[in-house]
1. May I ask you to list pairs of residues, at least six apart or on different chains, whose Cβ atoms are under 7 Å apart, with the first in the range 374-390 being touching a residue at least 60 places away in the same chain (Cβ under 8 Å) and small (Gly, Ala, Ser) and the second being part of a loop (DSSP other than H, G, I, E, B) and near ligand 1 (Cβ under 7 Å from one of its atoms)?
2. Looking at Thr224, Thr177, Thr228, can you tell me which residue is under 20 Å from Pro159 (Cβ atoms) and assigned to a loop (DSSP other than H, G, I, E, B)?
3. Could you grab me the full set of residues in the range 398-418 that are at pLDDT 95 or above and touching a Ser or Thr at 6+ places or on another chain (Cβ under 8 Å)?
4. Mind checking which pairs have a first residue in the range 112-130 that is open to solvent by 80 Å² or more (accessible area, probe 1.4 Å) and a second that is among the aliphatic types (A, V, I, L, M), Cβ under 8 Å, 6 or more apart or different chains?
5. Using beta carbons and a limit of 9 Å, which pairs, at least six apart or on different chains, have the first residue in the range 79-97 and closer than 10 Å to Gln49 by Cβ and the second one assigned to a strand (DSSP E or B) and open to solvent by 100 Å² or more (accessible area, probe 1.4 Å)?
6. For the structure I just gave you, tell me whether Lys290 is within 30 Å of Gly131 (Cα to Cα), open to solvent by 30 Å² or more (accessible area, probe 1.4 Å), outside any helix (DSSP H, G or I) and among the basic types (Lys, Arg).
7. Residue check: is Thr104 more than 30 Å from Val52 (Cβ to Cβ), under 33 Å from the mean Cα position of the chain (by Cα) and not charged (D, E, K, R)?
8. So in the range 190-213, with the set limited to residues that are open to solvent by 60 Å² or more (accessible area, probe 1.4 Å) and at pLDDT 95 or above, which one is farthest from ligand 1 (Cβ to nearest atom)?
Amino acid sequence: MIRTLISDALKRSDFGADVNIKGWVRTRRGNKNVSFIALNDGSIIHNIQVVVDNEKFGDEFLKPITTGACISVIGKLVESQGKGQNVEIQADKIEIYGTADPETYPLQKKGHTLEFLRDIAHLRPRTNTFGAIFRMRHHMSMAIHNFFHERGFFYFHTPIITGSDCEGAGNMFQVTTMNLYDLKKDENGSIKYDNDFFGKQTSLTVSGQLEGELAAMALGAIYTFGPTFRAENSNTPRHLAEFWMIEPEVAFYEIAENMQLAQDFIQHCVRWALNNCQDDLKFLNEMYDKELIDRLNFVVDNDFVRLTYTEGVKILTEAVANGVKFEFPIDWGTDLQSEHERYLVEKHFKKPVILTDYPKEIKSFYMKQNDDGKTVRAMDVLFPKIGEIIGGSQREEDYDKLKQRAKEMNVPEKDIWWYLDTRRFGTAPHSGFGLGFERLMLFVTGMSNIRDVIPFPRTPHNAEF
Ligand code: ATP
Ligand code: MN
């Protein structure tokens, strides 16, 4: 008999039909005569209720059907008498695939803390919370591909292993096949990479942008969506050592079009969540964040504020003058801290904010320089509860200016000769940005720790599972 997904079974009304359902037992309760098994197969947050005539199967047979066990049930689809569901199954045949010893299966009762569940990340997908989150992760991935595909962007694959260390986005994880117990060094004590796998020092990528730009200068509009690695020792609820990043790059876009793309993109993804993940969203809204759905609707319906860094600093300075306390000082030329970003978004504007035109000293060498000689066409999209969700810019397309800025910022020309070449041959204005997928996931799920929106988080001192 062909298996029916619970998500499909719950929609049916052809009562009397035989169905085969397979899944994991959430609970079994009942009395002497009848048992009710709540079965979940991951296709949807809801369980299907299996009604079992105890006499028909025998207590000995039913005993191992406890929370966590995996079973297959063949039975009749019937209209439910009980509250909370329309459809249930009257069991004719039950096969037990695998039991779960109640003494040792950790997911016995509901209401485990998120911290506890992180320690059993191999089992947490079986909870309502993580089922919802990981289904939404899938839907968000689809939303992203859909958005770009519909607009004629090409999905472009940039390398994971990179030989350049110039993006300046963060500390990198080194990739090597050298014997770390027996490193060969030259007369200055520097490690010799000649015999390493690639014959040079290599690392895991911190961004696919530079290669993405090469592609945009040929295909017009591209996006990447892949794993990204940063060896930053920052133990925050918003940073992972391994995360997924989406990086569109578009020829002929200037900063204003880049900002609009960022807004349209996020709004599309959030709308997608509202349209495709209703059950899971309702659950998360109920359990974790009563304002979640309202917040998502608000973001879909409202333009993001556009503001320069200089204007932002002015607002923050005035706030301090009016008695607002920050841990870190504000002063033109230094990077904004998360507390500052969140003040602008959550207190001052109460809207997502796109901050532009940052001081060139705190941004990367490739950003387009403004005529004031002090700022670059950077843009950060700042979100409530999250802070920075997107970082991007218009890129410097002028060969001499780019080369000069790379020199000033100590980016060796030998590492970026290929990147500079795009500015020698058919250069054009272009722009792009990077969105951290898990930051978007934090926003759409209402979760507050980034470790809870990726299946197996990699953070300092944690690479279990
Ligand atoms: P932050 O200031 O929050 O550390 P960043 O400025 O270093 O971020 P960018 O280099 O601009 O980040 O990267 C683009 C996007 O990637 C960020 O806007 C963010 O959404 C995401 N991102 C960056 N670092 C991380 C990380 N360690 N874990 C998860 N997402 C990240
Ligand atoms: Mn950034």
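1. Between residues of the range 374-390 that are touching a residue at least 60 places away in the same chain (Cβ under 8 Å) and small (Gly, Ala, Ser) and residues that are part of a loop (DSSP other than H, G, I, E, B) and near ligand 1 (Cβ under 7 Å from one of its atoms), the close pairs are Gly387/Arg238.
2. Values: Thr224 fails: assigned to a loop (DSSP other than H, G, I, E, B); Thr228 fails: assigned to a loop (DSSP other than H, G, I, E, B).
Exactly one residue qualifies, and that residue is Thr177.
3. Asp398, Tyr399
4. Arg126/Leu107
5. Qualifying pairs under 9 Å: Val87/Glu79; Glu88/Glu79.
6. Working: within 30 Å of Gly131 (Cα to Cα): yes; open to solvent by 30 Å² or more (accessible area, probe 1.4 Å): yes; outside any helix (DSSP H, G or I): yes; among the basic types (Lys, Arg): yes.
The answer is yes for Lys290.
7. Details: more than 30 Å from Val52 (Cβ to Cβ): no; under 33 Å from the mean Cα position of the chain (by Cα): yes; not charged (D, E, K, R): yes.
Taking the combined requirement at face value, the residue does not satisfy it.
8. Phe197
The values are calculated or read from the model by the stated rules, or taken from the named source; none is laboratory data. Being a predicted model, the structure only gives us computed values, none of them experimental. Note that we place each Cβ from the backbone using ideal geometry, even for glycine, and neighbour counts take in every protein chain shown. For accessibility, only protein heavy atoms count, side chains too; no ligands or nucleic acids. Shrake-Rupley method; radii C 1.70, N 1.55, O 1.52, S 1.80 Å.
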